[in-house]
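Shown next, in structure tokens, is the structure this report addresses.
The values are calculated or read from the model by the stated rules, or taken from the named source; none is laboratory data. The model shown is predicted, which means the values in this text are computed figures rather than measured ones. Every residue, glycine among them, receives a Cβ derived from its backbone with ideal geometry; neighbour counts consider all protein chains shown. Keep in mind that these areas ignore ligands, DNA and RNA; they rest on the heavy atoms of the full protein, side chains included. Shrake-Rupley method; radii C 1.70, N 1.55, O 1.52, S 1.80 Å.
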Amino acid sequence: ASGLAAASLATAEPRPPRRRGGRRAGPGPVRPLPDLAWGVLIVAGLGVLAFGALAFFAFRQPLREQVPVERARYEHSAAFSYVVQVQPSFLYPEGIFGPVRPTPGARPPAVLPPSPFGNRPQPPSGAAVFTRLARRLELDVDYALRSDLPAELTGRYWAVVEVGSGAQGWVRTLEAVPPTEFQGGAASFKVSVDFGQIWSVIDAVERETEYRPGSYEVRVVPTIQVSGRVGSEPVDDTFSPPFTLRLDRARIILDGELVRSEPRAVTEVAIREARLRLPGPLAGAWNPPVNEARTVGLAGALISLAVGGLAGAVVFLGLGRGEVGRIQARYGSAIVTVSGADLREGQVVRVASMPDLVRLAERQGQVILHQALPSGDHRYFIPMDGVVYEYVLPARED
């Protein structure tokens, strides 16, 4: 506000003096003011405006805010290893294919969604055996719940075998392992898949439907359910990593990814220091902590006020200047400087102070004449009705 007032005063046209007795007095000049003090006053006013707006927005926002934070608490992991029992032959003289185990240090991929068959990416290809020779798949499942926090868990596991012909076909589920209890965060069990039983199911469906797609998918789906606590967090979770086979009348292609994992994240509400959110186009331009913005806004506004007050004192009160400068700063708009005065003989009345002379000039609607005398004194006077009212400032007081 002080900056805007200063700008308006700096560019204002001089007012014509008031009429008295039907005559217009001579024009009063705009009081001369130090340019530097005016500039400081304007800058200080703008500073008060800017820092005040910053403090306003900062004090309207809370110091702390609640934000959701995801923290990884634990991870389900399952490793598959298998052996395929085959008919002894020239290719498989010992009647076995395998064992096939995970590569040490293999990075586990994300678990494929459990169903339906056609709504997920195809599992990666692994080893292949010939359908005519394959008899049984013996799949070992090693499960572990990994966490950096102490865990107290119990659980149970079971497994099913899903046989299907694709997303647009059919699916049949066979029980493979009944529900079994276990203690702790780890369990190992075996799932057996009889290929003879699988082909019996396929042949029966083909005879009933006369639908023969040519290739089929078999998914061994072990399910591990755990409950208890991990650290201070309660846990009641289920993990179902699939092991997938694709088969036709010629070959059986087994899953090539032998490690599955699923991290579990717990969402917590954290309290953090709020950051300033400015409105409109300023949003995102600067977002310090609210507490810091409050401090900067208040400190900047107070400093700007102090600097503006000092500049205002220089401009309007003549702070730091001599008595002539202070009089000019305070009453300059009512003073006209003259080089000489030819006054006829009349009564001279000397007033006690400059404010007394100013009051007389305001009451009579006249300007105050200022004359610098050869002696160094400064004379301020008003000729009025044959009487001269004056105030003389001795040179030693200037």
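General remarks:
- Residue in segment 212-223 that is touching a strand residue (DSSP E or B) at 6+ places or on another chain (Cβ under 8 Å), at pLDDT below 95 and small (Gly, Ala, Ser) present: yes
Let's see how each residue does on (1) modelled with pLDDT of 95 or more; (2) not in a loop (DSSP other than H, G, I, E, B):
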{"site": "104", "(1), (2)": "no, no"}
{"site": "129", "(1), (2)": "no, yes"}
{"site": "138", "(1), (2)": "yes, yes"}
{"site": "143", "(1), (2)": "yes, yes"}
{"site": "166", "(1), (2)": "no, no"}
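- Candidates 244, 295, 267, 238: the one that is modelled with pLDDT under 80 and of a type in the set (S, T, N, Q) is 267.
- Residue, least open to solvent (accessible area, probe 1.4 Å), within segment 354-385, restricted to residues that are out of contact with any strand residue (DSSP E or B) (no Cβ under 7 Å at 6 or more places or on another chain) and in a loop (DSSP other than H, G, I, E, B): 376
- Selection from segment 197-235 of residues that are over 17 Å from residue 263 (Cα atoms), under 57 Å from the mean Cα position of the chain (by Cα) and of a type in the set (Lys, Arg): 219
- Any hit, segment 262-283, residues being part of a strand (DSSP E or B), under 30 Å from residue 104 (Cα atoms) and open to solvent by less than 20 Å² (accessible area, probe 1.4 Å): no
- Sole residue being open to solvent by less than 50 Å² (accessible area, probe 1.4 Å) and at pLDDT below 85, chosen from 300, 340: 340
- Of all the listed residues (121, 116), the sole one being open to solvent by less than 70 Å² (accessible area, probe 1.4 Å), assigned to a loop (DSSP other than H, G, I, E, B), at pLDDT below 90 and not charged (D, E, K, R) is 116.
- Looking only at segment 93-105, residues that are surrounded by 12 or more Cβ atoms within 10 Å (Cβ to Cβ) and over 14 Å from residue 127 (Cα atoms) come to 1 in all.
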